[in-house]
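The values are calculated or read from the model by the stated rules, or taken from the named source; none is laboratory data. In this text the structure is predicted, and so the values were computed from the model without any measurement. Positions of Cβ are backbone-derived with ideal geometry, glycine not excepted, and every protein chain shown enters the neighbour counts.
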Amino acid sequence: MDKNKPFIIVAAGYSNYDREYPAYEEKFGADNVIWTTTKDRFSVQEHIDELREILPKDRDFIFVGHSMGASTIIELMNQEPIKRCKGAIFIGGSRIQESHWFFEYLFRLPVPLIYLNGCLLALGFPISLLINKFNFHKAFQASFDGIWRLIVSGAGNMKKEYWDCLKKIGRDVHEVKEENRNIPVLFIRLEKDLLVDIEDVKYTKSFFNNIRERILPYDSIHLTHDFDYPVADIIGDELDFFGFEKILTKLDKGIKKSKKK
């Protein structure tokens, strides 16, 4: 382990049971990155317990919460003081994870019908492309990302996690422990994100005394894994905020220009 680089603890987002984070490993070193999988864990407390289990006892670290993972970190900060935490980064997330009316409809259905609706979304790609004004990335997210996630993660698992975690997480959190208020927090988000409530972002900011924010200039539905490489570079640029030396070398990957506004 390179103790001159921060140890990064990533809290995975909704239904990211098998996701990995190669951009972070390239940026900070494979020995300096660990993440939750939420595999076979569906409730709020199960997610928090997994995050708690991987906290290092002998190293300073930075939390990175993706989407619902940000809510998991905030729930943990609400429950107990976090020792050796040098900062938290919330990527496309805040205290709660915003739901969408289509998710409400979808996850009330029996599992076979969930898959059927996913297939219909994929078949409707041309319509989605038109609705999204020929923004290929947004249309692809709306039509194909969903069915792929259903196949990889399992509709039954996603349905259970939706009702047991996503719909509940953060709703009863109105502060963090006093010892956690001075932890520096960086928000990285899109200017417009379908699954992020800007008012809740403002409310979440009130929990902390030291805040920074970076807004990415991309037109997308949600800040997904597609943005890991530019996000990793932003984190490297902001390391001085957390008391570490900046990592200025840029990763040789990124999202396509067509995703920019």
| Residues in the stretch 201-214 that are surrounded by 14 or more Cβ atoms within 10 Å (Cβ to Cβ) and either more than 22 Å from Phe227 (Cα to Cα) or in contact (Cβ under 8 Å) with a residue 40 or more places away in the chain (or both): how many? | 6
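Being assigned to a loop (DSSP other than H, G, I, E, B), in contact with a Ser or Thr (Cβ under 7 Å, 6 or more places away or on another chain) and among the charged types (D, E, K, R): is that true of Arg41 here? Walk me through how you get there before you give the answer.
Details: assigned to a loop (DSSP other than H, G, I, E, B): yes; in contact with a Ser or Thr (Cβ under 7 Å, 6 or more places away or on another chain): no; among the charged types (D, E, K, R): yes.
No: the conditions fail for Arg41.
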| note | Selection over the stretch 47-57 where residues are under 25 Å from Leu150 (Cβ atoms) and without any contact (Cβ under 8 Å) to a residue 40 or more places away in the chain yields a count of 1
| query | If you check Tyr14 against the conditions, is it surrounded by 22 or more Cβ atoms within 10 Å (Cβ to Cβ), in contact (Cβ under 8 Å) with a residue 24 or more places away in the chain and not in a loop (DSSP other than H, G, I, E, B)? | reply | no
| field | Residue ID - surrounded by the most Cβ atoms within 10 Å (Cβ to Cβ), chosen from residues in the stretch 23-39 that are free of Cβ contacts under 8 Å to residues at least 60 places away in the same chain and of a type in the set (Gly, Ala, Ser) | value | Gly29
| query | Where in the stretch 80-172 are there helices (runs of 4 or more DSSP H), lying fully within it, with 2 or more residues that are of a type in the set (Lys, Arg)? | reply | 155-161
| request: Please tell me if Ile198 is of a type in the set (A, V, I, L, M), within 16 Å of Phe90 (Cβ to Cβ), surrounded by fewer than 19 Cβ atoms within 10 Å (Cβ to Cβ) and modelled with pLDDT of 95 or more. | output: yes
| Does any residue in the stretch 166-194 that is touching a residue at least 40 places away in the same chain (Cβ under 8 Å) and small (Gly, Ala, Ser) come within less than 8 Å, Cβ to Cβ, of a residue that is buried (at least 20 other Cβ atoms within 10 Å of the Cβ) and assigned to a helix (DSSP H, G or I) six or more places away or on a different chain, and which pairs are these? | Gly170/Ser71; Gly170/Ile74; Gly170/Glu75
| task | State which residue pairs qualify: first residue in contact (Cβ under 8 Å) with a residue 60 or more places away in the chain and inside the stretch 96-118, second residue outside any helix (DSSP H, G or I) and charged (D, E, K, R) in any location, beta carbons under 8 Å apart, and separation of 6 or more residues or different chains. | result | Ile96/Arg171; Ile96/Asp197; Glu98/Asp197; Ser99/Lys167
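Do we have Asp237 as surrounded by fewer than 19 Cβ atoms within 10 Å (Cβ to Cβ), modelled with pLDDT of 95 or more and in contact with a Ser or Thr (Cβ under 6 Å, 6 or more places away or on another chain) here? First the steps, then the outcome.
Numbers: surrounded by fewer than 19 Cβ atoms within 10 Å (Cβ to Cβ): yes; modelled with pLDDT of 95 or more: yes; in contact with a Ser or Thr (Cβ under 6 Å, 6 or more places away or on another chain): no.
Criteria not met by Asp237.
Could we say that Asn4 is over 25 Å from Trp148 (Cβ atoms), at pLDDT 95 or above and not hydrophobic (A, V, I, L, M, F, W, C) here? Spell out how you get there, then give the answer.
On the way: over 25 Å from Trp148 (Cβ atoms): yes; at pLDDT 95 or above: no; not hydrophobic (A, V, I, L, M, F, W, C): yes.
Considered against the rule, which asks whether it is over 25 Å from Trp148 (Cβ atoms), at pLDDT 95 or above and not hydrophobic (A, V, I, L, M, F, W, C), Asn4 comes out as no.
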